[in-house]
Amino acid sequence: MPSPRSKKAALVFFAVAAVVGGIVFLVRWVDRPVEKHPEFGTIYTALVSEAYLERQPQTIWQKAKALVRKCFQPVEDPAPSKSGLQVGPALLGWSLHHNSPGPRDGWIYLREMMTGENPTLWEIALSAKRRLVDVSSTDLNTEFYGMNDPRGAIVFETNWNGSALVVPEGQVLFARLATNRSVVYVIRLAKQGGPPGWGSMKIEYVAVTNQPPR
């Protein structure tokens, strides 16, 4: 017959297992991926996190989520990068502009972020669509803007600084490498996080190949 001590240990074990299982379920539910775009196929995700977020989560929920991610990292949810969002073969630079309370937005960088030379890397355009799945191939027939494009200040006004553009959470944008305009990445800034002053960004994107040069 089990002793009271063994019964207590069993209850504690099952209680801990239930809590961990619940957290895993919630993490996977919150970050559940949309697997396919109706026209463009596989939807990928990428994360960038400014260093403070990885060093010191601010709430119990963030701490629990970070622990669960470390132990049960979903395949479709890659580990955050500190240097940029991995989009295709290159990094798309992002940093916080404003976080809650108030508007949530960040800088998208057109230049190469990893070297001191900072050459032009990306050309981008904004979409009026709010959902990735609503974008079609006809939407890609648009004007793209690269670093130091003189039209940028006219089109984007104060959100443009020549090498970067302020883009809000939830925005859908198009990005292509300046050296390969035949592939366009349709990107949604899906989830911005972090306390005021520090930020993280999760994106969803698809790759559209064989685009005519413009």
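The values are calculated or read from the model by the stated rules, or taken from the named source; none is laboratory data. These figures come from a predicted structure and were not determined experimentally. Neighbour counts run over all protein chains shown; Cβ positions are idealised from the backbone, glycine included. Heavy atoms of the whole protein, side chains included, go into the accessibility calculation; ligands, DNA and RNA do not. Shrake-Rupley method; radii C 1.70, N 1.55, O 1.52, S 1.80 Å.
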> Looking at this structure, is V155 of a type in the set (A, V, I, L, M, F, W, C) and surrounded by fewer than 19 Cβ atoms within 10 Å (Cβ to Cβ)?
Replying inline: yes
> Only one of these conditions is not met by G162: (1) out of contact with any Phe, Trp or Tyr (no Cβ under 7 Å at 6 or more places or on another chain); (2) open to solvent by 20 Å² or more (accessible area, probe 1.4 Å); (3) more than 15 Å from A46 (Cβ to Cβ). Which number is it?
Replying inline: (2)
> Could you list, in sequence order, the residues of segment 168-202 that are open to solvent by less than 10 Å² (accessible area, probe 1.4 Å) and over 18 Å from S127 (Cβ atoms)?
Replying inline: G199
> Of the residues that make up segment 190-206, is at least one at pLDDT 95 or above, polar (S, T, N, Q) and under 16 Å from L85 (Cβ atoms)?
Replying inline: no
>> Suppose we filter A207, A128 for residues that are open to solvent by 30 Å² or more (accessible area, probe 1.4 Å), in contact with a helix residue (DSSP H, G or I) (Cβ under 9 Å, 6 or more places away or on another chain) and either small (G, A, S) or without any contact (Cβ under 8 Å) to a residue 24 or more places away in the chain (or both); which single one remains?
In response: A128
